[in-house]
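Visitor: Have a look at this one.
The values are calculated or read from the model by the stated rules, or taken from the named source; none is laboratory data. If you're wondering where the values come from, they're calculated on a predicted model, not measured in any experiment. Cβ atoms come from the backbone with ideal geometry, glycine included; neighbour counts cover every protein chain shown.
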C-alpha cells in the first residue's frame, strides 16, 4: 500500500456484511444469502412462521431496543423452541453462510501498520455479530461502530456523525475528504457523501482494488 503525499487517505471505513464478510458460495457478492430462510429451514419451520414470530423484535434488536437475552426469550416462547437450541442455530447459520474477505482484512492490517485509521460501521443485531464478526476479528480496527451497540443505524445521519467524531478524536487534523467508506449498499453511502467522505460501492474485490488505486491507497 503506497500513499502519495497529494490526496493522502488517512482513514478507511468498512461495512461488515457484504464487504468484510462475503457469501461463501458467491465470488462476485451480488446478493447476500437468505439468513432467515436458512434459520427457518434448520428449525423445521416455514419462513412466515419464523419471521412473523420475530419480525418486530428483530428490527428493534438492530438498534438495541431489544437485548440479546430479551430476543431469545421472546422468540423461544413464541416458537416453543429451547433457548439454547435456538441461539446456537441462529449463530451457526450466519457462520455457515459467510466467510472472511481476506483481501479487505489484509488491507485493514496494512493500513493500521501505516497509521491509517481503520474503522467499521455496520448494522448488526447481536446474533449476526456473534456469527460473522467475533471478538478475534476486531484486532485490526481502531474504531468499531455496530448499530445495536450505539442504538442507531444506517442510513441515519446521526451514526455517521458519531463515526466522524470518533475518527477526529484520534486525528483532530483529518479532513472528511481524507476518509474512504466501503459499503455494498448505495443508500448507506449517500450520507457519507453528504459529509464529504469518499465512497466505494463494493461489488467485488477486483473492482474495489481498482477504485482504491484511484485514491492512491494501493
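Visitor: Kindly evaluate residue 76 against the criterion of being over 20 Å from the mean Cα position of the chain (by Cα) and either in the same structural domain as residue 145 (by TED's automatic domain parsing) or modelled with pLDDT of 95 or more (or both). Break it down stepwise before answering.
Guide: Working: over 20 Å from the mean Cα position of the chain (by Cα): yes; either in the same structural domain as residue 145 (by TED's automatic domain parsing) or modelled with pLDDT of 95 or more (or both): yes.
Criteria met by residue 76.
Visitor: In this structure, is residue 147 closer than 30 Å to residue 199 by Cβ, in the same structural domain as residue 204 (by TED's automatic domain parsing) and at pLDDT 95 or above?
Guide: Working: closer than 30 Å to residue 199 by Cβ: yes; in the same structural domain as residue 204 (by TED's automatic domain parsing): yes; at pLDDT 95 or above: yes.
The answer is yes for residue 147.
Visitor: Then there is this: Of everything in the stretch 207-217, what is within 13 Å of residue 107 (Cα to Cα) and free of Cβ contacts under 8 Å to residues at least 12 places away in the same chain? Give them in sequence order.
Guide: 213 - this is the single residue of the stretch 207-217 that is within 13 Å of residue 107 (Cα to Cα) and free of Cβ contacts under 8 Å to residues at least 12 places away in the same chain.
Per-residue answers, yes or no, for (1) touching a helix residue (DSSP H, G or I) at 6+ places or on another chain (Cβ under 7 Å); (2) in the same structural domain as residue 59 (by TED's automatic domain parsing):
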{"residue": "84", "(1), (2)": "no, yes"}
{"residue": "116", "(1), (2)": "no, no"}
{"residue": "129", "(1), (2)": "no, no"}
{"residue": "132", "(1), (2)": "yes, no"}
{"residue": "142", "(1), (2)": "yes, no"}
{"residue": "157", "(1), (2)": "yes, no"}
{"residue": "165", "(1), (2)": "no, no"}
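Visitor: Within the stretch 19-64, take every residue that is assigned to a loop (DSSP other than H, G, I, E, B) and modelled with pLDDT of 95 or more and give me the one that is surrounded by the fewest Cβ atoms within 10 Å (Cβ to Cβ). Let's see the steps before the verdict.
Guide: Of all residues in the stretch 19-64, those assigned to a loop (DSSP other than H, G, I, E, B) come to 19-20, 24-34, 43-46, 63-64.
Applying the additional criterion that residues be modelled with pLDDT of 95 or more yields 19-20, 43-46, 63-64.
Numbers: 19: 22, 20: 24, 43: 17, 44: 8, 45: 15, 46: 12, 63: 18, 64: 18.
Out of the qualifying residues, it is 44.
Visitor: Keeping to the stretch 65-80, report how many residues are crowded, with 19+ Cβ neighbours inside 10 Å and farther than 20 Å from residue 122 by Cβ.
Guide: As a first pass, look at the stretch 65-80 and keep what is crowded, with 19+ Cβ neighbours inside 10 Å: 66, 71-72, 75.
Right, trim to farther than 20 Å from residue 122 by Cβ and you get 72, 75.
So the count comes out to 2.
Visitor: Out of all the residues in the stretch 163-196, which are in contact (Cβ under 8 Å) with a residue 40 or more places away in the chain, more than 17 Å from residue 153 (Cβ to Cβ) and under 19 Å from the mean Cα position of the chain (by Cα)?
Guide: 167, 179, 180, 182
Visitor: For the stretch 206-215, give me each residue that is in a helix (DSSP H, G or I) and surrounded by fewer than 18 Cβ atoms within 10 Å (Cβ to Cβ). Spell out the reasoning first.
Guide: Of the residues in the stretch 206-215, the ones in a helix (DSSP H, G or I) are 206-214.
Answer for the stretch 206-215, where residues must be in a helix (DSSP H, G or I) and surrounded by fewer than 18 Cβ atoms within 10 Å (Cβ to Cβ): 206, 207, 209, 210, 213, 214.
Visitor: List pairs: first in the stretch 53-77 and in contact (Cβ under 8 Å) with a residue 12 or more places away in the chain, second exposed (fewer than 13 other Cβ atoms within 10 Å of the Cβ), Cβ under 6 Å, 6+ apart or cross-chain?
Guide: Taking only residues 6 or more apart or on different chains, the pairs are 63/151; 64/151.
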